[in-house]
Amino acid sequence: MKLETGFLLPTAVSSSAIPPFMGWATILLALLYFVTAQPIVGSNSAAGNNLALTAALANDHNFAIDHFVGFAARNAQPLGFVSNIADYPNLSYFQGHYYSDQPPGTSLLALPFYQSGHLLALLFGSVLPATLAGSKVTLAYTLLACALVGAVTVLLVYAAARKLGSAQASARYAALALGLGSALWGAAGRLMPPVFSLGLLSLALLLALPPLPRELANSRPSTKLVLGWGSGTWLGLALGFAVTVDYGNLVWTPIFALYLIAAGRVKFKQVSSIVGPLGGWLLGILPLAVYNSLIFGRPWAFTYGFELGDTSATTLLTRYLGGFNLADLSLALFGGGRGMLGPFLLFFGVWGLIALWGQRGKRKEAVLLATLLVVGLGLGLLRHPVGDDNGRADFMLTALAPLGLATAVWHERFQFLTRLEQRWVPYLATIGLALYYFISRPGPGLANLEAVIYLLPLVPVAGLGVIIWQL
């Protein structure tokens, strides 16, 4: 029995395992998501709500968003004044203070970027007028957090596909189909939980899957690894913090736990394989417990229970299981704009899942991916949307992670069936789909292009990273 050791991420995501093409693709995708993103303030009340909490954490050092409540409005409003409650669909109120109705994970992840932008704004402040959000630079760096998470998610799916046994070409195609031809494009331009949830699920899959060869002579590989302290802790941390990002992500924990036991990734006689994931999970959910305790005095009370704008979604049942509408399914899967989930990933991914089930020794992985797919689509369909401009595909976004891995399996099968003679066809079709996503609502304009100048201080940092990566 071989045991993973150390607190480093698996070698599947080390610099030596990332080909130059995927490294540069990640950087370019982050830039694409950034320049095509819409402004945070006034474009989406849920995104503005997260911005308000981020600003409150950075400036007031508490969870009440009283001084920044204007960000949570459908349209830009005075920061500390609530004019019409109907304009604040994602606002909660408790004991004289306003709070976000969402968990704090998204804002906590965006906080370092917000603070970095605030510091860099001092360099630009003498020549730029302040905006409602305080600084264009601050907003730009906050939005950069979403774009980077979206791009890194693509890289994580590539690495997980390679770990599952896909060839570089197949993993690369699946990653590009995810990055250019799915709802990830739109989600990576909004400060909302879906893109962060998808990134955490992709990371969890990368950590949970054992290194599997393309062909298995036996039912399971002889080099099967039991989770050690490092990988187990990172996996638990990803799953636990996913709940801090979005309450609905709690359902992943039992799914992964059953898989890890069935796949032999944890052994009850191997203490580290149990303590690592459990300790990481508790550490990941700790910020949510602290958040709720400081507001309500108990960790199991949640801000959505004190919703002001939509009082029909203040319970677990009504908010997460009370929004079913069958018409939303076709809208998410085949609707227009960047809210369309991803037709190639959906079609090829289901095909790939069937092919993965037929591969010797990989049925447990096929069941894991299929379960995550069904749960992602099902809970997304049941969820009650709160606020404006929230497409149903936003709540189904996590389904893209298993679909991406399965698409890599499909591509392997496609290359085998065509004997590599038509391998250019999927890429050509994906380029066409990417063009559709580019011109779709909110339009082909590069709404955030002028903000690229604020990212110039990052160029030396990026250059140093490239040098280290190439060493």
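The set of residues in the range 19-39 that are crowded, with 19+ Cβ neighbours inside 10 Å, farther than 19 Å from T142 by Cβ and more than 17 Å from the chain's Cα centre (by Cα) comprises M22, A25. Close contacts from the range 310-332, counting a first residue that is of a type in the set (K, R) and a second that is modelled with pLDDT of 75 or more, with Cβ to Cβ under 8 Å and a gap of 6+ residues or different chains, come to R319/Y304; R319/R383; R319/H384.
Residues are listed down the side, and each one gets a yes or a no for (1) in contact with a Gly (Cβ under 9 Å, 6 or more places away or on another chain); (2) within 30 Å of W357 (Cα to Cα); (3) modelled with pLDDT of 95 or more:
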{"position": "Y114", "(1), (2), (3)": "no, no, no"}
{"position": "G125", "(1), (2), (3)": "no, no, no"}
{"position": "S135", "(1), (2), (3)": "yes, no, no"}
{"position": "C146", "(1), (2), (3)": "yes, no, yes"}
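As for the range 176-197, it holds no residue that is crowded, with 24+ Cβ neighbours inside 10 Å, touching a residue at least 24 places away in the same chain (Cβ under 8 Å) and over 23 Å from A37 (Cα atoms).
Determine whether L341 is more than 22 Å from the chain's Cα centre (by Cα), buried (at least 16 other Cβ atoms within 10 Å of the Cβ) and at pLDDT below 90. No; evaluated as a whole, the condition is false for this residue. Tell me yes or no: at least one residue of the range 374-392 is assigned to a loop (DSSP other than H, G, I, E, B), out of contact with any Phe, Trp or Tyr (no Cβ under 9 Å at 6 or more places or on another chain) and modelled with pLDDT of 85 or more. So far as the range 374-392 goes, no, none of its residues is assigned to a loop (DSSP other than H, G, I, E, B), out of contact with any Phe, Trp or Tyr (no Cβ under 9 Å at 6 or more places or on another chain) and modelled with pLDDT of 85 or more.
Quick check: anything in the range 300-320 surrounded by 15 or more Cβ atoms within 10 Å (Cβ to Cβ) and more than 26 Å from D87 (Cα to Cα)? No. For the range 357-369, the set of residues classified as among the small types (G, A, S) and either over 24 Å from the mean Cα position of the chain (by Cα) or outside any helix (DSSP H, G or I) (or both) consists of G358, G361, listed by residue number. Scanning the range 321-337 for residues that are outside any loop (DSSP other than H, G, I, E, B), surrounded by 15 or more Cβ atoms within 10 Å (Cβ to Cβ) and on the phi < 0 side of the Ramachandran plot yields D328, L329, L331, A332, L333. Is it the case, given these coordinates, that W469 is of a type in the set (F, W, Y), surrounded by 12 or more Cβ atoms within 10 Å (Cβ to Cβ), in a helix (DSSP H, G or I) and modelled with pLDDT of 85 or more? No; evaluated as a whole, the condition is false for this residue. Assessment of the range 432-440 against the conditions (outside any helix (DSSP H, G or I) and either at pLDDT below 75 or in contact with a strand residue (DSSP E or B) (Cβ under 7 Å, 6 or more places away or on another chain) (or both)) yields at least one matching residue. Considering the range 155-273, the qualifying helices (runs of 4 or more DSSP H), each wholly inside and each with 1 or more residues that are hydroxyl-bearing (S, T, Y) and at pLDDT 90 or above, run over 168-180, 193-208, 229-245, 252-262. In the set I295, I285, I354, only one residue is crowded, with 20+ Cβ neighbours inside 10 Å, over 24 Å from the mean Cα position of the chain (by Cα) and hydrophobic (A, V, I, L, M, F, W, C); that residue is I295. Taking the criterion of being among the aliphatic types (A, V, I, L, M) and surrounded by 19 or more Cβ atoms within 10 Å (Cβ to Cβ), the residues of the range 357-369 that qualify are A366, L368, L369. Could we say that G105 is at pLDDT below 90 and touching a helix residue (DSSP H, G or I) at 6+ places or on another chain (Cβ under 8 Å) here? No, not satisfied.
The values are calculated or read from the model by the stated rules, or taken from the named source; none is laboratory data. What you see is a predicted model; the values in this text were computed from it and never measured. Using ideal geometry, Cβ is built from the backbone for each residue, glycine included, and neighbour counts are taken over all protein chains shown.
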